[in-house]
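To start, the structure under review is shown below, and the notes come after it.
The values are calculated or read from the model by the stated rules, or taken from the named source; none is laboratory data. Predicted model only: the values in this text are computed from it and were never measured. Virtual Cβ from ideal backbone geometry, glycine too; neighbours counted across all protein chains shown. To get the accessible areas, we keep the full protein, side chains included, count just its heavy atoms, and leave off ligands, DNA and RNA. Shrake-Rupley method; radii C 1.70, N 1.55, O 1.52, S 1.80 Å.
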Amino acid sequence: MPVPYLLYCTPDGEIREEPRLQALSFGERPLEMRDLIPLPDGVTLSMMPDRLAIGRKRNGERQVVAQTRGWAVAALLPIGYTRTLLPAYEKVPDTEPLPFFGYSAVAGLQGRFYVAALKTDNPHKWHPRVFSRRALEQRVHEKQVAFPQNRVIAQHAHCALDYSCPTASNLFFERWEMAIAVSPGCNARCIGCISKQEEEDLISPQDRLTFIPTVEEIVEVAVPHLEQAEEAIVSFGQGCEGEPLMQWRRIAQAITAIRAKTPKGVININSNASNPRWLQRLYDAGLDTLRASTISGHPETYTAYYRPIGYTFDDVKESLKRARDAGLYTSINLLCFPGMIDREREVEALIAFVREVGLNLIQLRNLNIDPEVLLPRMPALAAMGKALGMKTLIETLQREVPTVAIGNFSRPIQRVQQAPI
Ligand code: SF4
């Protein structure tokens, strides 16, 4: 059986092969061909700063690649692919945490490159090639000239041009799922928050929203999108903001105003689902779909990661149950960290959770975080039982909760069209 070998990145960014060393994954488990798929279109190979590449010699001995030769390398996957293993590396002591990316293990074989991942959805709407930079710049300019006072447009122009955010960009391309950020504040303190970090040496990759849009600003961008866009979804709750539920009154007013103008498209919220009573007001106002964020079905793991302020995991479950009972399409944004969420206790708890709240969809999201930032802040892995592997986790979900779809992003569901109020 051919042995996948080590890849590393030279100081000037060139990817090199080291066929004399077997590639390893986090925890120094040798990579095998059954773990790997060819690098998918749209992947980025990223140097891991101050992380030395390590491999295994034919005699089983561990070998560190000298710093002068280069650094460890990882793949950053396009949406539509779920990472199954993290890369192995040796951290240079007293160096900075890694930037918030979803590092995936890579290897080489017969001159081709591979990654530890699974294809779990159709990536065509999220592929970088459908977000032409030149077209985006033109459309942003046109929209900003047409709506010079609208701060939602200004915010998402920033997100589209500076972070290449697909849902922000769709506002300007007038198609598919579009972002509407509304909340500067949050009632959780997620270890991996991408818009706000408390600890000095942890730098969030995005700036947190600084204003609360008016109902008029929201309606001005939402209604034309719902009316005209292909498979239109308007989504509250984006990476650049806090928790949208902190602005539930504003969102409820906006949904009512939107539905007074159009029955078309889908109104969705991506939320930590922390307050069932506030969410109930949005269900009553006409919200169509809820995507609740979680890293686990187990309260201990959930609480350790989200560090909730004034709510508990039971509130999250209650929110999802009420959504199901109100006829909404419900999903979870399952933060995926291989080696933790695929452990026996976590798999059991996740299945029980999914059965209890009654979901339509599980969205798998590669968690963007430095393993050595996350793991010391989470319950001991040993207490979670054996790691079964992400593939086994997905197969177990498909077997145990077969009516629940598994993918990577929200669906343009067919909502029951009601006449404008
Ligand atoms: S719920 Fe969202 S905004 Fe709040 S801390 Fe977590 S990731 Fe950040």
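See the values below:
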| quantity | calculated |
| --- | --- |
| Candidates Asp207, Asp201, filtered to the one that is acidic (Asp, Glu), surrounded by fewer than 17 Cβ atoms within 10 Å (Cβ to Cβ), more than 16 Å from the ligand (Cβ to nearest atom) and modelled with pLDDT under 95 | Asp201 |
| Region 101-128 residues that are under 21 Å from Arg16 (Cα atoms) and aromatic (Phe, Trp, Tyr), paired with ones that are at pLDDT 95 or above and not in a strand (DSSP E or B) (beta carbon under 7 Å, 6 or more apart) | Tyr103/Met48; Tyr103/Leu86; Phe113/Leu39; Tyr114/Pro4; Tyr114/Leu36; Tyr114/Leu39 |
| Residue check for Ile362: over 17 Å from Phe236 (Cβ atoms), assigned to a loop (DSSP other than H, G, I, E, B) and under 20 Å from the mean Cα position of the chain (by Cα) | no |
| Region 249-270: number of residues that are surrounded by fewer than 24 Cβ atoms within 10 Å (Cβ to Cβ) and either part of a strand (DSSP E or B) or under 20 Å from the mean Cα position of the chain (by Cα) (or both) | 1 |
| Filter result for Ser331 (more than 18 Å from Arg189 (Cα to Cα) and of a type in the set (Gly, Ala, Ser)) | yes |
| Selection count where residues are in a loop (DSSP other than H, G, I, E, B), closer than 17 Å to Tyr329 by Cβ, more than 9 Å from the ligand (Cβ to nearest atom) and open to solvent by less than 30 Å² (accessible area, probe 1.4 Å), scope region 223-248 | 1 |
| Hey, Arg291 open to solvent by 30 Å² or more (accessible area, probe 1.4 Å), closer than 22 Å to Pro213 by Cα and assigned to a strand (DSSP E or B) or not | yes |
| Residues located in region 27-48, provided they are under 23 Å from the mean Cα position of the chain (by Cα) and surrounded by fewer than 14 Cβ atoms within 10 Å (Cβ to Cβ) | Pro38, Asp41, Thr44 |
| Selection count where residues are small (Gly, Ala, Ser) and in a helix (DSSP H, G or I), scope region 303-353 | 5 |
| Any chance Pro78 is touching a His at 6+ places or on another chain (Cβ under 7 Å), outside any helix (DSSP H, G or I) and surrounded by 15 or more Cβ atoms within 10 Å (Cβ to Cβ) | yes |
| Subset of region 277-299 (residues that are within 16 Å of the ligand (Cβ to nearest atom) and over 23 Å from the mean Cα position of the chain (by Cα)) | Trp278 |
| Single residue of Gln228, Gln253 found to be at pLDDT 95 or above, under 17 Å from Leu171 (Cα atoms) and polar (S, T, N, Q) | Gln228 |
| Candidate set: region 210-222, residues that are open to solvent by 10 Å² or more (accessible area, probe 1.4 Å) and assigned to a loop (DSSP other than H, G, I, E, B); chosen: the one nearest to Val373 (Cα to Cα) | Thr210 |
| Members of region 309-323 found to be in contact with a helix residue (DSSP H, G or I) (Cβ under 8 Å, 6 or more places away or on another chain) and either open to solvent by less than 30 Å² (accessible area, probe 1.4 Å) or under 22 Å from Ala405 (Cβ atoms) (or both), listed by number | Phe313, Val316, Lys317, Ser319, Leu320, Lys321, Arg322, Ala323 |
| Residue in region 324-336 that is open to solvent by less than 10 Å² (accessible area, probe 1.4 Å), under 28 Å from Thr95 (Cβ atoms), touching a residue at least 24 places away in the same chain (Cβ under 8 Å) and not hydroxyl-bearing (Ser, Thr, Tyr) present | yes |
| Enumeration of residues in region 125-183 that are part of a loop (DSSP other than H, G, I, E, B) and either surrounded by 19 or more Cβ atoms within 10 Å (Cβ to Cβ) or of a type in the set (Lys, Arg) (or both) | Trp126, Asn150, Cys165, Arg175, Trp176, Ala181, Val182, Ser183 |
| Residue check, Gln63 touching a Lys or Arg at 6+ places or on another chain (Cβ under 6 Å) and either open to solvent by 30 Å² or more (accessible area, probe 1.4 Å) or in the same structural domain as Leu367 (by TED's automatic domain parsing) (or both) | yes |
| Selection within region 323-338 - out of contact with any strand residue (DSSP E or B) (no Cβ under 9 Å at 6 or more places or on another chain) and among the charged types (D, E, K, R) | Asp325 |
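Results for (1) part of a loop (DSSP other than H, G, I, E, B); (2) more than 13 Å from Tyr8 (Cα to Cα); (3) among the aromatic types (Phe, Trp, Tyr), shown as yes or no for each residue.
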| residue | (1), (2), (3) |
| --- | --- |
| Pro49 | yes, no, no |
| Thr95 | yes, yes, no |
| Phe101 | yes, yes, yes |
| Leu118 | no, yes, no |
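Matching residues to (1) within 16 Å of the ligand (Cβ to nearest atom); (2) over 29 Å from Leu374 (Cα atoms); (3) touching a Cys at 6+ places or on another chain (Cβ under 9 Å); (4) of a type in the set (D, E, K, R):
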residue: Ile153; (1), (2), (3), (4): no, yes, no, no
residue: His158; (1), (2), (3), (4): no, no, yes, no
residue: Ser164; (1), (2), (3), (4): no, no, no, no
residue: Phe172; (1), (2), (3), (4): no, yes, no, no
residue: Trp176; (1), (2), (3), (4): no, yes, no, no
residue: Cys193; (1), (2), (3), (4): yes, no, yes, no
